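Below you'll find the structure, written out as C-alpha cells, and then a few comments.
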Amino acid sequence: MSQPFYFEPMVENPMALDRLELSFRWGSYGLRVLRCHLTSFPAGTIIDFHQHSEYEIHYIPYGKGRVILDGVTHPLQEGMLYVTAPGVSHRQEADEREAMGELCLHVDIVKLDQGEDERDSKPVSEAWGEAWEIAEADACLRQLSELPHVPALDRQEAMKCFLIAYEAWRSNQLGQYTIIKQSIVQMLLRTVGAYKADQQGLNLPARDMKSYRYQLAIQFIEDNFRRPLTLEGVAERLQISSRQLQRIFKEQASISFSEYLEQVRLKHVCSELLQTSLTLDKIAESNGFASSNYLHYVFKKAHGVTPNQYRDQQLNPV
C-alpha cells in the first residue's frame, strides 16, 4: 500500500496562497511573496529557459525530472530542491514517463532603507530583540545569495512549511498571518540549511543571571508586597537558596532583602497617606505591616516623622 501524499490537503486549492497579498518585514528586509503554491507537471512537460528578477525556490514533493542551471543538467527527484537567484536562467523538465510535483516559493526580497520604519530606534530594537532578528535575516539572505546553482536534498524539510502555511490559511483563525509569515521565513532558513548543513547560528546573548534574578525578585515584591513575604519564600519562587538571594540583594541594591521590602511598602504607605483618608491601622494592614504600631516605628525611623505628621506636613504646608 502506497504512502498517502503528505500535501494532499493542498490539492483541493493548490493556488490558495497565491491569492493572498503577502508582504512583511523580516529584519532589515521587506519580503513580498509572489507565489507560494503546489503544482504538477505531467510526464514530459518542459518549462523552457527563463529567468526572474526575484528569488524562486523549487521543491520536489514527488516524481522526478531534470533542471538545467548554468548549462549543466541536474537530475531531480522527490525530496530535492533548488534555488534560482535573480537573473539565473533555468529550464525544467518532468521525466518522460513520470509526472513531477513542485512546491514553488517565489519571493521578492528588498533591502529597506535605514529609518524607513519608525521602529528603527536602536535602543528599542535592542531591548526587544529586533537586533537579533536583523542579524539572522542578514545572515540567511546573504547565504541565500551565495548558494551554488545546483539542487540539494531538503534535509531540514523546508517544504513541510508549505502545508503549515496552507493549513493556517484554511483555518481562517486569529494568528493565520503570523503563522504564514513564520512559515515563509522558515522556508528560507531551512533552504539555506539544506546546502550548509554545518552552519552555525548566532551567539545569542546570555543573561547576567544575578541581575536577572534580582529583577524577578523585585518584580515579585512589587506585585505582592501587601502579602506576607519572606526571604525564604521569594527565594523558593526563584528556585535558589535564601543565602543566594540575600547575596544578590547586597550586590545589586547594597541593602538586604528585608530593607528593600520595607522600602517598597513605605513608598506605598506614603502614597496612601496623601491620597486617601484611611486610618493608620487600615494603611498598615493593606501594606503588609503586622500592626500600626510597627508601621509607626518603621516610618519614623525612615522619615524622621510619624505617619500622621508626614500627612499633615505634605497636605498642609506652612
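The values are calculated or read from the model by the stated rules, or taken from the named source; none is laboratory data. In this text, all values refer to a predicted model and were calculated from it rather than measured experimentally. All Cβ positions, glycine included, derive from the backbone under ideal geometry; neighbour counts span all protein chains shown. Areas reflect the complete protein model, heavy atoms only, side chains present, ligands, DNA and RNA absent. Shrake-Rupley method; radii C 1.70, N 1.55, O 1.52, S 1.80 Å.
Would it be correct to say that His52 is surrounded by 15 or more Cβ atoms within 10 Å (Cβ to Cβ) and assigned to a strand (DSSP E or B)? Can you show your working first?
Details: surrounded by 15 or more Cβ atoms within 10 Å (Cβ to Cβ): yes; assigned to a strand (DSSP E or B): no.
Considered against the rule, which asks whether it is surrounded by 15 or more Cβ atoms within 10 Å (Cβ to Cβ) and assigned to a strand (DSSP E or B), His52 comes out as no.
Can you name the residue in the range 61-99 that is among the polar types (S, T, N, Q) and in contact (Cβ under 8 Å) with a residue 24 or more places away in the chain and, of all such residues, is surrounded by the most Cβ atoms within 10 Å (Cβ to Cβ)?
Taking the range 61-99 as the starting set, the residues that turn out to be among the polar types (S, T, N, Q) are 73, 77, 84, 89, 92.
From what is left, the residues that are in contact (Cβ under 8 Å) with a residue 24 or more places away in the chain are 84, 89, 92.
Values: Thr84: 21, Ser89: 14, Gln92: 23.
Of everything passing the filter in the range 61-99, Gln92 is surrounded by the most Cβ atoms within 10 Å (Cβ to Cβ).
Residues Arg226, Arg237, Arg213: which one is more than 30 Å from Leu76 (Cα to Cα), in contact (Cβ under 8 Å) with a residue 60 or more places away in the chain and over 22 Å from the mean Cα position of the chain (by Cα)? Break it down stepwise before answering.
Details: Arg237 fails: in contact (Cβ under 8 Å) with a residue 60 or more places away in the chain; Arg213 fails: in contact (Cβ under 8 Å) with a residue 60 or more places away in the chain.
Exactly one residue qualifies, and that residue is Arg226.
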Residue under evaluation Arg247, criteria (1) on the phi < 0 side of the Ramachandran plot; (2) open to solvent by less than 40 Å² (accessible area, probe 1.4 Å), criterion not met: (2)
Members of the range 279-318 that are out of contact with any Leu (no Cβ under 8 Å at 6 or more places or on another chain) and basic (Lys, Arg): Lys282, Lys300, Lys301
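Answer yes if at least one residue in the range 273-281 is in a helix (DSSP H, G or I), out of contact with any helix residue (DSSP H, G or I) (no Cβ under 6 Å at 6 or more places or on another chain), farther than 19 Å from Glu222 by Cβ and hydroxyl-bearing (Ser, Thr, Tyr), and no otherwise. Lay out the reasoning, then the answer.
Narrowing the range 273-281 to residues in a helix (DSSP H, G or I): 273-275, 280-281.
Now restrict to residues that are out of contact with any helix residue (DSSP H, G or I) (no Cβ under 6 Å at 6 or more places or on another chain): 275.
Then drop every residue that is not farther than 19 Å from Glu222 by Cβ, which leaves none.
No - not one qualifying residue is present in the range 273-281.
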Asp108 vs. criteria assigned to a strand (DSSP E or B) and either modelled with pLDDT of 95 or more or more than 25 Å from Phe5 (Cα to Cα) (or both): yes
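Just the residues that are more than 19 Å from Ser254 (Cβ to Cβ) and part of a helix (DSSP H, G or I), please, taken from the range 220-229. Give the steps one after another, and end with the answer.
So in the range 220-229, the residues more than 19 Å from Ser254 (Cβ to Cβ) come out as 220, 223-229.
If the condition is that a residue be more than 19 Å from Ser254 (Cβ to Cβ) and part of a helix (DSSP H, G or I), then Phe220, Asp223, Asn224 are the ones that fit.
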Where Pro205 falls short, out of the listed (1) in contact (Cβ under 8 Å) with a residue 60 or more places away in the chain; (2) open to solvent by less than 60 Å² (accessible area, probe 1.4 Å); (3) out of contact with any Asp or Glu (no Cβ under 7 Å at 6 or more places or on another chain): (2)
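If I go through the range 4-49 residue by residue, how many of them are polar (S, T, N, Q), over 23 Å from Glu96 (Cα atoms) and not in a strand (DSSP E or B)?
Going through the range 4-49, the residues polar (S, T, N, Q) turn out to be 13, 23, 28, 39-40, 45.
In the following step, the residues that additionally are over 23 Å from Glu96 (Cα atoms) were identified as 13, 23, 28.
Filter once more, keeping what is not in a strand (DSSP E or B): 13, 28.
Number satisfying all stated conditions: 2.
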Unique match (being closer than 30 Å to Tyr29 by Cα and of a type outside the set (Lys, Arg)) among Leu238, Leu188, Leu216: Leu188
